[in-house]
1. Could you give the nm distance between label points at SER212 and ASP230, where each point is 7 Å from its Cα heading toward the beta carbon?
2. Specify the inter-centroid distance of region 89-166 and region 216-264, based on alpha-carbon positions, in whole Å.
3. Given R₀ = 45 Å, FRET efficiency for GLU195-ALA322 by Cβ-Cβ distance, to 0.05?
4. How many percent of the accessible area of the chain is carbon or sulfur, using a 1.4 Å probe?
5. Relative contact order (percent) for region 263-363, with alpha-carbon contacts under 8 angstrom and 6 or more residues of separation?
6. Given the -39500 (n - 2.57) contribution per DSSP H run of 4+ residues, what per-residue ellipticity at 222 nm results for the chain, rounded to the nearest 500 deg cm²/dmol?
7. Under the rule of at least 5 residues apart or a separate chain, name every residue whose amide H is placed under 5 Å from the amide H of ALA328.
8. How much accessible area per residue does region 1-140 have, in Å², with a 1.4 Å probe?
Amino acid sequence: MTGLTASHIAWVESLSPWPEEFGLERMQRLLAELGDPQEAFPAIHVVGTNGKTTTTRMCAALLAADSKRVGAYTSPHVVGWAERIQVNGEPVDLDAALARVRLAAEVLGATQFEVLTAAALAEFASAGVDVAVVEAGLGGRLDATNVLRAPVVVLTNVDLEHTDVLGDTREAIAGEKLAVLQPGALAVLSEAEWESLAREAGAEAVVVTGRSNLALALAAVESFLGKAVDPEPAEAVTVPGRFEQRGQAPLEIWDGAHNLAGVGYVLARLPARRYVVVASVLADKDVDGMLAALSALGEVFVATRSTNVRALPAEELAVRAARFFPDAECVPDPAAALERARTLAGPEGAVLVTGSLYLLADLAAVRPHAPVP
């Protein structure tokens, strides 16, 4: 945490990540107090169920390769808070960014995500970025990021998530996400089924591309720049906690797949091995669906619990996992759970750490080290 003021980080960590009621009024008031920094630059707004962070980072890399000064805002983090706000691929001075917004945020009672979003937008304005690529947090219509001047909006994909807030059908959820579109904007979609919904939301043009993060990023940046770009800078992008190899003996892979669609993506790409799965899952997810899918990987499951308040207790997760895994253990402490999984796997085995990016962040804080090349 070099260069960060502990008091500012402790303050951010103490804030509620969830508002008592979703809405934009407080965020708009906070930005007004800061001089409406979001109006200082155009943006590419990235919404969707999965793949938002990778798509955001890829867009930023492509724009930087075109000699643009680029801000990138993503969430949640794995390595540390500072990774959420970057300019030209480097974390900003988070201490200064938080200091800039703290007084106004405290007066207004802003949430954790509102504070971080405001800090990012104000930092981008101060840094004089040519463009920002901004990942939405939850949904879109009432998300704190829905304050941007975004000529391009990317919808990565749509699956059931946060149904208590976004709606209980894919159509309703897509509508919430595409509500960030402004009249005349261009929508980049991975799925043609949302084209009419995008146009109803205000899109003047729609580009339907492949489902990969790279295809989405290329389409977004080429639409923003109005020209073709070389994909190579995006192909080199790596993101912590996304299919990240952390060990060789045993093989250890971390992926923050936090819903059934994300688990499906991981299953299709893992090396063919039998895995010991160690996981924490948030209670509002399709827990049984995720467990059923993960059971295809092996016989052993180690249930743990991240520090996120919405995480399912490890004991309950273990009980539910026992329906799908012959051997389901409960180890509430994440670091101890990982050590147990490594022991069970042995040097010739394999471990998958998954279920939540918050779990990966907890583990990274305890055992930081560079990924295996």
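1. Once both label points are built, they end up 1.8 nm from each other.
2. Value for the Cα centre distance between the two parts: 21 Å.
3. Details: r = 44 Å, r/R0 = 0.97.
Efficiency, rounded to the nearest 0.05: 0.55.
4. Details: 7720 of 15010 Å².
Percent of accessible area from carbon and sulfur atoms in the chain: 51.
5. Details: 193 pairs, mean separation 35.3, N = 101.
Relative contact order, region 263-363: 35 percent.
6. Values: 15 runs with 146 residues, N = 373.
My calculation for the chain gives -11500 deg cm²/dmol from helical runs alone.
7. Under 5 Å from the amide H of ALA328: PHE301.
8. Details: 5220 Å² over 140 residues.
Each residue of region 1-140 exposes 37 Å² on average to a 1.4 Å probe.
The values are calculated or read from the model by the stated rules, or taken from the named source; none is laboratory data. Quick caveat: nothing in here was measured; it's all calculated off a predicted structure. With ideal geometry, Cβ positions are generated from the backbone for all residues, glycine too; neighbour counts draw on all protein chains shown. Keep in mind that these areas ignore ligands, DNA and RNA; they rest on the heavy atoms of the full protein, side chains included. Shrake-Rupley method; radii C 1.70, N 1.55, O 1.52, S 1.80 Å.
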